[in-house]
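The next block holds one structure in the form of structure tokens; read it before the comments.
None of the figures in this text is laboratory data; all of them are computed from the coordinates on show. Note that this is a predicted model, so its numbers are computed, not measured. Reconstructed Cβ throughout: ideal geometry from the backbone, glycine too, with neighbour counts over all protein chains shown.
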Amino acid sequence: MFKDKVVIITGGANGIGRCIADEFRSQGAVVYVIDKQDGEHFVGDISQKEVLEAFAAEVLSKHNKVDIIINNALPLMKGIDECSYEEFQYALSVGVTAPFYLVKLLMPHLAEGASIINISSSRDRMSQPQTESYTAAKGGIAALTHALAVSLAGRAKVNSISPGWIDTTYTVYEGPDATQQPVGRVGNPMDIANMVLFLCSDKASFITGENICIDGGMTKQMIYHGDCGWSLER
């Protein structure tokens, strides 16, 4: 299905990003990864404008079109007690500004039927304490998704995915960690990669501007102290 498609993935050296890259490669796609970690990919910090420009230029020096863009790189997570102004700005640069600017750079070269997938988080709708920088960035990319879907109407489908608890080591959890989830288990990267490939396929040709939460149902269950065995302890 994706043979010879040109796929770009930010933060694709590990975890969910690597799983997505491997799945596209297994289906014959040509995959370009940018990540801060050293490796056989473009190494660079996507918070830097010039790094994004150099990465886009390298891809376009080899191809005259781009089929798929996956904005996956993780922003910094720090809370209001400790997060500095500069750190908050950095989180937004990685999580929102870089996806916007990378799409802007590649927009003239989007192939017919192109897809853009932004990886958000279930934290775009719920929070734990002291997570403001990450949560703000993930909320921003979820909103950026529907804005881009409208601006790129007729040129690309743009959707976002909001993962819940995804264990990138494929650990199988037992006990409350698993049973608290309506599906009875913790997620793994393939749960996200499968949806990415579906959304980028012709089977999803009528889906754009959507945010799909893949969290085992956690954000759908109501939790009250003393109800159904739940108990709040501080």
- Task: Return the residue satisfying two criteria in turn: it lies in region 169-195 and is surrounded by 15 or more Cβ atoms within 10 Å (Cβ to Cβ) and of a type in the set (Val, Ile, Thr), and of such residues it is farthest from the chain's Cα centre (by Cα).
- Result: Val186
- Query: On the given criteria, is Val66 in contact with a strand residue (DSSP E or B) (Cβ under 7 Å, 6 or more places away or on another chain) and surrounded by 16 or more Cβ atoms within 10 Å (Cβ to Cβ)?
  - Reply: yes
- Pair list, Cβ < 8 Å and 6+ apart or interchain, from region 210-234 residues that are among the hydroxyl-bearing types (Ser, Thr, Tyr) to residues that are surrounded by 10 or more Cβ atoms within 10 Å (Cβ to Cβ): Thr219/Ser122; Thr219/Arg125; Thr219/Met126; Thr219/Gly164; Thr219/Cys213; Tyr224/Trp230
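Filtering region 196-206 down to residues that are assigned to a helix (DSSP H, G or I) and within 18 Å of the chain's Cα centre (by Cα), which residue is surrounded by the fewest Cβ atoms within 10 Å (Cβ to Cβ)?
The extreme case among them is Phe198.
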- Query: What tally of residues in region 109-150 results from selecting those that are over 18 Å from the mean Cα position of the chain (by Cα) and farther than 26 Å from Ser61 by Cα?
  - Reply: 4
- Message: Please go through region 153-168 and give me each residue that is over 14 Å from the mean Cα position of the chain (by Cα) and surrounded by 18 or more Cβ atoms within 10 Å (Cβ to Cβ), ordered by number.
- Response: Ala156, Lys157
- Task: Residues that are under 18 Å from Ser160 (Cβ atoms): find the strands (runs of 3 or more DSSP E) completely inside region 1-119 holding 3 or more of those.
- Result: 6-10, 66-71, 110-119
- Message: I'd like the full set of residues that are part of a strand (DSSP E or B) and not polar (S, T, N, Q), limited to region 120-161.
- Response: Ala156, Lys157, Val158, Ile161
